[in-house]
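Scroll down for the structure; my scribbles are underneath it.
Bear in mind that the values in this text are calculations on the coordinates, not laboratory data. Because the structure is predicted, anything quoted here is derived from the model rather than measured. As a convention, Cβ positions derive from the backbone with ideal geometry for all residues, glycine included, and neighbour counts pool all protein chains shown.
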Amino acid sequence: MPEVYYFCRNMAVNLTAYRQVLSETDHHHARLVAVSKIKPVSDIMALYEAGQRIFGENYVQELVDKASQLPQDIQWHFIGHLQSNKVKYIAPFVSMIHGVDSAKLLREIGKQAAKQDRVIDCLLQVHIATEETKFGLNGQELYQLLDEAGDLQHVRVAGLMGMASNTDDEAQIRREFAALKDLHAAVKEKYFAGRDDFKELSTGMSGDYKIALEEGSTLVRIGSLLFGARNYV
Ligand SMILES: *Cc1c(COP(=O)(O)O)cnc(C)c1O
């Protein structure tokens, strides 16, 4: 099939890739988060018109600006690193926050959600890659957070999120996703047995989403494959 591009000024959204990804996520009963960071609202609208409703953004100000210009029925997922003092700006409308990695942040989300009379879905970010980064919990910290978190009425801990190593070694990527899947199952059994609110596993990006889907992903976060490479200025 030829590549079909939707042209909008000089921007392009790859609808062929979009259809392909959707058929794969459907097959695995997973959902697509279209990662639109840095990309203009016209690109988001192009994918919206093709039927996409879940979009992911990494930066608070950018998300607030875009949300105010775009249709109300978009479900915005915040997938970047969130500072506690900025939760209040997105609490009125954000539908899921993927990168929660501290009890402090979880409590602040609960507090701001309460003010809005909302319940916000949160994913706890686990560090699964070999690279050093300051983001994400290790297994022990994850259990500690869940022990401490207690009963948060305005936050729903909906699952886990992780990013695999940036490597060509597919076996390693698969091992990392599989380890997160096992951790998800263990946490579900210990803290969420008999409930169905801890069911999301947010893994997989443009380069590794096929492996992620095979290893139990329920939410793939895909940007460049749909919107083209990001040109940071
Ligand atoms: C940017 C980003 C993505 C999308 O990455 P692509 O490689 O462009 O698909 C996914 N997850 C997170 C957390 C990101 O920051």
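When residues of the range 54-68 are filtered for being buried (at least 19 other Cβ atoms within 10 Å of the Cβ) and of a type in the set (A, V, I, L, M), how many remain?
So the count comes out to 3.
Based on what the data block shows, is Ser68 without any contact (Cβ under 8 Å) to a residue 12 or more places away in the chain, out of contact with any strand residue (DSSP E or B) (no Cβ under 9 Å at 6 or more places or on another chain) and polar (S, T, N, Q)?
Values: without any contact (Cβ under 8 Å) to a residue 12 or more places away in the chain: yes; out of contact with any strand residue (DSSP E or B) (no Cβ under 9 Å at 6 or more places or on another chain): yes; polar (S, T, N, Q): yes.
For Ser68, the condition - without any contact (Cβ under 8 Å) to a residue 12 or more places away in the chain, out of contact with any strand residue (DSSP E or B) (no Cβ under 9 Å at 6 or more places or on another chain) and polar (S, T, N, Q) - is met.
Mind checking which helices (runs of 4 or more DSSP H) fall wholly inside the range 34-95 and carry at least 1 residues that are within 15 Å of the ligand (Cβ to nearest atom) and under 29 Å from Ala114 (Cβ atoms)? Write out each step before concluding.
Values: elements: 41-49, 60-69, 87-90.
So the answer is 60-69.
The conditions are (1) within 14 Å of the ligand (Cβ to nearest atom); (2) outside any loop (DSSP other than H, G, I, E, B); (3) farther than 20 Å from Val87 by Cβ, and Thr133 fails exactly one of them. Which is it?
Result: Thr133 fails condition (2) only.
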